[in-house]
Amino acid sequence: MSVTVAPHGIWKSPITGDSFTARSVTLSQVRVDGPDTYWVEGHPLEGGRGTLLRRRGTGETGEVLPLIDGVRLPDVGTRVHEYGGKAYAVHHGVIVFSDRTDGRVYAYDTSDPRRGVRPLTTLSKVRYGDFWIADVRDLVYAVAEDHSGPGEPVNSIVAIPLDGSAARDDSAIIPVFGETDFAQAPVVSPDGTKLAWISWNHPNMPWTSSQLRVASLTFEGRIDREVVLVDQPGVCVYEPRWTLDGDLIHVDDSSSWANLYRTQGFVWNEGEDPNAWTTRLRTRSLHPGRRAFSHPHWQLGLHSYDNYDNDLLVCSWVEDQEWHIGTVRVDNGMAEEWATGWWPIGNVAAADGRVVFLADSATHTPAIIEVSRGKTKVLRPSSEAEVPAALISTAQMLTWKTSDGEESHGLYYAPVNPDFRAPDGELPPLIVNVHGGPTSASRPGLSVPFQYWTSRGFAVLDVNFRGSTSFGRAYRQKLNGQWGVMDVQDCVDGAQYLINLGYVDPKRIAIRGSSSGGFTALNALASSDVFTAGASFYGIADLVKLAQSSHKFESHYDQLLIGSDDVSDPVWAQRSPINRVDQIHAPLLLLHGGEDPVVPAAQAEEMYEALRAGGNAVALKLYQGEGHGFRSAVNIKDAWQTELSFYRTVWGIATDAPIHVEIANL
């Protein structure tokens with residue numbers, strides 16, 4: 001087979017925008033109900049509509065929900081906290097879900113399909129999610145976010161009757177808990193007598209400081225006696241979940257790592273006071289160590305572990321930048337890792353000895369995996385577009401010294417295409433990718449978007465800067481007060497590290513990021529001349545204006561990251577890229593959703609106008625109808641084609657591909 005000699009950046013690749021639009025879906029919210037497996041798929045070709053699918057124990061797979069009112073397809077999703085998450089629950093064949101189109105909660109009984117989809121709530125300005133079905137009381141517990149009043153929305157936990165009475169009268173909904181700014185993750189004990197949940201208050205985020213609460217329930221489903229199990233400054237709680245025998249498992253980072261804990265003493269003994277449990281609770285750690293059993297709750301419904309049986313939990317965890325799945329004994333914490341060949345993404349569910357989880361690997365995009373009777377199989381891939389093995393660039397884990405003497409981490413992807421090689425002596429251009437959050441992390445699983453670049457002759461560095469998760473609380477907290485400085489420096493140092501190794505062309509280094517990653521990319525362009533191009537996807541340009549328009553969930557988050565709660569403090573202006581446009585000299589591409597509720601599109605427009613007026617090469621595309629992130633297949637595909645054409649144009653990479661964006665001042 002002949003190999004074509006061609007410059008990096010113009011290699012022809014079978015990976016196109018269609019590879020992650022027309023032939024791909026997003027997979028989330030994997031759950032099991034007896035022999036059946038459920039999950040939500042996001043379809044770019046349908047505007048990102050959330051579709052609830054079921055795979056029966058007999059193997060048939062299909063969309064499970066019928067039309068709402070006989071006229072429109074359900075869009076399973078929620079806008080609680082703007083980032084959504086868990087938008088349905090299923091128990092014994094009864095499905096409760098939030099429809100993103102009208103915001104109502106609906107129920108559907110798979111054993112009685114003739115009843116169709118029934119509304120459980122009215123049309124209102126209240127958003128619902130994080131459902132837990134408590135059929136013993138004919139209720140579903142949920143997080144409610146009420147936007148009907150003035151000021152910021154009110155978050156609480158409520159109980160919605162399953163009989164549909166609240167679809168006619170809002171007063172039928174039972175207020176359960178609303179004493180803090182936020183509450184989520186309601187879970188009912190196996191005997192139906194207790195409720196556990198997480199709460200937190202401004203100015204914290206749930207992963208900076210949160211509480212674990214447990215209360216007994218009255219016959220009507222309201223809380224009675226309450227105990228706060230975990231409430232320590234700087235300690236966060238994740239994922240309360242009851243064992244089959246009535247103990248409470250949770251994850252917290254009191255040890256500086258997100259470890260498992262077990263609390264005993266809840267079981268009622270005949271003849272004693274119903275609230276005697278409040279006096280005898282005892283908590284101990286399970287399998288402590290330098291590993292993380294959960295991750296920041298950007299979305300509702302984290303499910304990183306589940307009950308395997310009465311004795312074992314099946315868990316996913318990350319340790320030393322590697323992802324694992326296995327069991328942990330409830331009695332002594334002993335762990336046993338499973339060799340499945342897959343890296344769990346953090347969505348694990350189990351029933352009757354069958355485990356289903358969302359996972360990827362170095363050679364496979366995310367898929368739903370089932371482990372049963374010692375055998376592993378794929379239930380649902382996220383993409384029908386197979387990436388040829390010879391075309392895959394696998395992640396190389398890197399650690400480099402930062403300019404202030406500490407360490408940062410990243411994943412390096414070298415250019416790979418068996419049909420092409422570069423001319424002798426030519427080094428590849430590098431694209432530095434900055435993950436969002438910033439409290440998040442990059443992982444080494446097969447990413448079709450990264451292969452889009454590497455198969456065309458670009459190298460990629462995916463940076464886990466200081467502030468990223470999966471490296472312990474101390475690493476995550478390093479960014480507090482240093483956002484826009486430390487993350488920027490880690491990206492600059494990572495690029496320079498690869499330049500010094502002789503891996504990449506120092507004249508063709510780009511930095512790209514979305515949301516907070518866009519903020520880092522913009523500041524990096526203003527802070528260093530190592531980057532010769534940049535792209536910001538719905539990135540933050542003005543911190544002061546963001547603080548004025550920020551939604552409730554993140555309304556104090558930037559104060560922690562900036563290190564000041566006073567927006568008149570000069571540091572807010574100093575860290576805002578809009579005030580640093582005179583320091584940006586590299587060409588910049590701005591892509592933004594026209595209806596973004598998190599970072600308004602005006603931020604991109606102002607950045608564009610300031611750079612254009614200053615004579616800097618800059619391009620802007622607004623995608624009408626899109627929010628914080630792109631859902632439409634047409635827009636997703638266009639964004640990738642635009643970014644590729646932008647780099648080729650500003651770096652003078654000869655190609656016959658059309659230019660998809662007008663670049664001012666070039």
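Quick rundown of the values:
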| read-out | value |
| --- | --- |
| Within the range 347-445, strands (runs of 3 or more DSSP E) holding 3 or more residues that are out of contact with any helix residue (DSSP H, G or I) (no Cβ under 8 Å at 6 or more places or on another chain), of a type in the set (Lys, Arg) and under 30 Å from residue 314 (Cβ atoms) | 375-381 |
| So residue 522, is it among the aliphatic types (A, V, I, L, M) and part of a loop (DSSP other than H, G, I, E, B) | no |
| First in the range 383-399 and over 30 Å from residue 496 (Cβ atoms), second anywhere and among the hydroxyl-bearing types (Ser, Thr, Tyr), Cβ under 6 Å, 6 or more apart | 383/24; 383/365; 385/19 |
| Condition met for residue 541 (closer than 18 Å to residue 664 by Cβ, surrounded by fewer than 20 Cβ atoms within 10 Å (Cβ to Cβ) and among the small types (Gly, Ala, Ser)) | no |
| From 464, 480, residue being touching a helix residue (DSSP H, G or I) at 6+ places or on another chain (Cβ under 7 Å) and either surrounded by 24 or more Cβ atoms within 10 Å (Cβ to Cβ) or over 15 Å from residue 403 (Cβ atoms) (or both) | 480 |
| Check on residue 370, farther than 25 Å from residue 471 by Cβ and modelled with pLDDT under 95 | no |
| Checklist (1) modelled with pLDDT under 95; (2) in contact with a His (Cβ under 9 Å, 6 or more places away or on another chain) applied to residue 472, failing item | (2) |
| Selection within the range 483-536 - under 19 Å from residue 402 (Cβ atoms), among the hydroxyl-bearing types (Ser, Thr, Tyr) and touching a helix residue (DSSP H, G or I) at 6+ places or on another chain (Cβ under 7 Å) | 520, 527, 528 |
| Only listed residue being crowded, with 19+ Cβ neighbours inside 10 Å and hydrophobic (A, V, I, L, M, F, W, C), chosen from 338, 298 | 298 |
| Given (1) in contact with a Ser or Thr (Cβ under 6 Å, 6 or more places away or on another chain); (2) farther than 23 Å from residue 422 by Cβ; (3) modelled with pLDDT of 90 or more, number of the condition residue 637 does not satisfy | (3) |
| Residues within the range 453-490 that are outside any loop (DSSP other than H, G, I, E, B), touching a Leu at 6+ places or on another chain (Cβ under 9 Å) and farther than 30 Å from residue 654 by Cβ, tallied | 3 |
| Yes/no for residue 199 being polar (S, T, N, Q), buried (at least 22 other Cβ atoms within 10 Å of the Cβ) and on the phi < 0 side of the Ramachandran plot | yes |
| Cross-chain or 6+ apart pairs with Cβ under 7 Å, the range 262-288 first and among the β-branched types (Val, Ile, Thr), then part of a loop (DSSP other than H, G, I, E, B) | 263/247; 263/281; 267/246 |
| Strands (runs of 3 or more DSSP E) within the range 31-101 that include 1 or more residues touching a residue at least 60 places away in the same chain (Cβ under 8 Å) and aromatic (Phe, Trp, Tyr) | 36-43 |
| Residue among 589, 622, 611 that alone is outside any helix (DSSP H, G or I), within 14 Å of residue 534 (Cα to Cα), in contact with a strand residue (DSSP E or B) (Cβ under 9 Å, 6 or more places away or on another chain) and of a type outside the set (Val, Ile, Thr) | 589 |
| Within the range 167-203, tally of residues that are in a helix (DSSP H, G or I) and within 18 Å of residue 136 (Cα to Cα) | 1 |
| Checklist (1) in contact with a strand residue (DSSP E or B) (Cβ under 8 Å, 6 or more places away or on another chain); (2) surrounded by fewer than 20 Cβ atoms within 10 Å (Cβ to Cβ); (3) of a type in the set (Ser, Thr, Tyr) applied to residue 528, failing item | (1) |
| Subset tally (residues that are of a type in the set (D, E, K, R), touching a His at 6+ places or on another chain (Cβ under 9 Å) and free of Cβ contacts under 8 Å to residues at least 40 places away in the same chain) for the range 110-139 | 1 |
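For (1) touching a helix residue (DSSP H, G or I) at 6+ places or on another chain (Cβ under 9 Å); (2) modelled with pLDDT under 95, each residue gets a yes or a no:
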residue: 240; (1), (2): no, no
residue: 244; (1), (2): no, no
residue: 247; (1), (2): no, no
residue: 253; (1), (2): yes, no
residue: 257; (1), (2): yes, no
residue: 262; (1), (2): no, no
residue: 270; (1), (2): no, yes
residue: 276; (1), (2): no, yes
residue: 282; (1), (2): no, no
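The values are calculated or read from the model by the stated rules, or taken from the named source; none is laboratory data. Keep in mind that this is a model prediction, so the values were computed, not measured. Note: ideal-geometry Cβ built from the backbone for every residue, glycine included; neighbour counts use all protein chains shown.
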